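Inspection log for the structure reproduced underneath, given as structure tokens.
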Amino acid sequence: MSKIILAIHGGSGTILKKRMTPELEKAYMDGLNDALNSGYNILEKGGDAVEAVKKAVIVLENNILFNAGKGSVFTKTGTHEMDASIMDGKDLSAGAVAAINNIRNPVELAFTIMRKSEHVFLSGEGAMEFAKQQGLAFEPDEYFFSQFRYDQWQSIKDSDDTALDHNITLNKEKKFGTVGAVACDANGNLAAATSTGGMTNKQYGRIGDSPIIGIGTYANNKTCAISCTGHGEPFIRAVAAFDVSCLVEYKGLSLQEAMNIVVHHKLVKMDGEGGMIGVDALGNVALIFNSKGMYRGYRSSDGKSEVAIYK
């Protein structure tokens with residue numbers, strides 16, 4: 001029986017304690033704990049890693065504080081475009097979705113694509129038609145509205161600038177808004193999932209790293225499970241999540257060593273800011289980032305746990 005472990009993240013970036021009110025800090029910590037508890041409870045009851053990461057990400061998608069699902073940012077046209085992905089390390093099955101709107105839980109759609117279609121990656125109208133056929137929950141535009149996301153968009157909507165979940169009007173915080181989870185279940189199976197609302201004021205149907213298997217999300221029982229958060233373009237060019245797996249498999253590095261190389265060396269050379277969380281089948285966990293902070297947490301069956309925000 002393997003050590004069970006779940007790790008989560010809620011985004012990374014310039015997250016400074018001096019810019020956080022005690023009330024907001026508590027809200028973020030409560031949100032992270034809720035997601036951690038929900039996913040870990042599944043593992044504790046003998047559930048599998050895929051179900052655990054899906055549940056943890058759904059809880060984060062349902063929390064308006066995080067840029068995914070309900071809390072997604074506004075695009076150039078004042079809409080929401082969401083992306084998500086999930087992967088099962090047992091058989092390398094995966095599901096991903098991009099450029100969707102009005103779907104309550106994008107990670108649920110990614111999971112349904114993995115389990116109930118012959119495809120891996122669907123996008124836009126086609127993905128939403130598939131979601132309707134499968135009976136997934138849709139919500140009206142009002143469900144995804146939050147005043148502070150709207151204010152972010154209003155401050156830059158007349159420019160060609162984009163902002164990475166950048167709370168311009170309130171505290172000049174730069175945050176890469178993504179949520180994710182990785183897990184190892186009692187049978188040693190690994191899984192990873194990631195979800196995002198993308199960039200404020202984004203144009204041209206821009207898609208970042210989060211829904212791309214091997215970049216924002218990757219899981220393989222032989223190596224590790226990874227979920228990334230950061231400035232998507234450098235992560236795409238670095239093939240970030242898969243590169244960690246390759247360093248473990250082909251160079252024999254530990255999870256921590258491999259993640260350190262990708263986050264602190266490879267990505268830094270590309271001006272790639274952000275981080276990632278990872279677990280392996282040996283019960284190791286790592287939460288690595290090169291930004292000022294990362295909303296993060298983990299819990300394992302050996303009694304170790306952590307929930308943190310700042311560096």
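A crude spin-label estimate for the pair Q133 and E25, with each label 7 Å from Cα along the Cβ direction, gives 5.0 nm. With contacts taken as Cα pairs under 8 Å and at least 6 residues apart, the chain reaches a relative contact order of 26 percent. Beyond 25 Å between alpha-carbons counts as too far, so tell me which of K45/K292; K26/K70; K116/K304 fall in that bin. Going by Cα-Cα distance, K45/K292; K116/K304 fall outside the 25 Å limit.
Of all DSSP bridge pairs formed entirely within the chain, close to 95 percent run antiparallel. By the gyration tensor of its Cα atoms, with a ≥ b ≥ c the square roots of the eigenvalues, what is the shape of segment 5-310: rounded for a/c under 1.5, prolate for a/b over b/c, or oblate? Note, shape of segment 5-310 comes out rounded. Return a whole-number percent for the relative contact order of segment 1-153, with Cα pairs under 8 Å and 6 or more residues apart as the contact set. So the answer I get is 18 percent.
We did not get these values from a lab; they are worked out from the coordinates using the rules stated. Since this is a predicted model, take the numbers as computed values, not measurements. Please note: Cβ atoms are built from the backbone with ideal geometry, for glycine as well, and neighbour counts cover all protein chains shown.
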